[in-house]
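Asks: Dumping the structure here so I can ask a few things about it.
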């Protein structure tokens, strides 16, 4: 990890990504940890997926999200923390009607930083799935494709 301060409205080195309609600003990146700030506009989501080599967590700053894992839908809001162990399928949805802000983290960092670099601005779902698989994130097929 490098010493320094990343201002609240910026990402590391000024980096800002558009990933699945959300704005991600990386805040910390080391071999052990990757943390990013996410602006999650209403009606955006991260489809159900699995991190087979990383634990993931979310800390909610503003707004509300639905997180699906373990066969249940969990309503999360300001101040809540969500823990998603490696290997557990999870999906993240903003169905609240308002925008949300949160901090995500994974440990170890593995290839997720590089995935976000590759996904910045990608809109084709097939390309998203292909790039994700190459970076150790496996998306689940939509229910109607199963």
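Every number in this text was worked out from the coordinates using simple rules, so none of it is lab data. Quick caveat, the model's predicted, so the values are computed rather than measured. Note that each Cβ is placed from the backbone with ideal geometry, even for glycine, and that neighbours are counted across all protein chains shown.
Asks: What is the spread of the Cα atoms of the range 85-134 along each of their three principal axes, largest first, in whole Å?
Replies: Result for the range 85-134: principal-axis Cα extents of 33, 27, 19 Å.
Asks: Another question about this same structure. Using the count of nearby Cβ atoms within 10 Å as a rough guide to exposure, how do 61, 131, 112 rank from fewest to most?
Replies: Values: 61 14, 131 18, 112 24.
By the 10 Å Cβ count, ascending, the order reads 61, 131, 112.
Asks: Quick one: order 132, 96, 30 by neighbouring beta-carbon count within 10 Å, fewest to most. Present the calculation step by step, with values, prior to reporting the outcome.
Replies: Numbers: 132 20, 96 16, 30 13.
If I rank by nearby Cβ atoms, fewest first, I get 30, 96, 132.
Asks: Please give the length that would be gained between residue 81 and residue 135 if that part of the chain were fully extended, namely 0.36 nm times their separation in residues minus their C-alpha to C-alpha distance (nm, one decimal). Before the final figure, lay out each step's value.
Replies: Details: separation 54, 0.36 × 54 = 19.44 nm, distance 2.51 nm.
Value of the extension gain: 16.9 nm.
Asks: Over all alpha-carbon pairs in the range 51-94, figure out the percentage whose distance exceeds 11 Å.
Replies: Values: 599 of 946 pairs.
Tail fraction, whole percent: 63.
Asks: Fewest Cβ neighbours within 10 Å first, please rank 134, 60, 86 accordingly. Could the numbers behind the result be given before it?
Replies: On the way: 134 12, 60 20, 86 16.
So the residues, fewest neighbours to most, are 134, 86, 60.
Asks: Moving to a separate point now. Among (1) -0.29; (2) -0.39; (3) -0.25, which is the computed log10 I(q)/I(0) by the Debye sum over Cα atoms at q = 0.09 Å⁻¹?
Replies: It is the one labelled (3).
Asks: Take the Cβ-Cβ distance between residue 122 and residue 98 as r, set R0 to 35 Å, and report the resulting FRET efficiency rounded to the nearest 0.05.
Replies: On the way: r = 26 Å, r/R0 = 0.73.
Given R0 = 35 Å and the Cβ-Cβ separation, E is 0.85.
Asks: I've got another one for you. Based on the Cβ-Cβ distance from residue 88 to residue 3, what FRET efficiency comes out when R0 is 35 Å, to the nearest 0.05? Intermediate results must be reported in sequence, preceding the final value.
Replies: Details: r = 34 Å, r/R0 = 0.96.
Given R0 = 35 Å and the Cβ-Cβ separation, E is 0.55.
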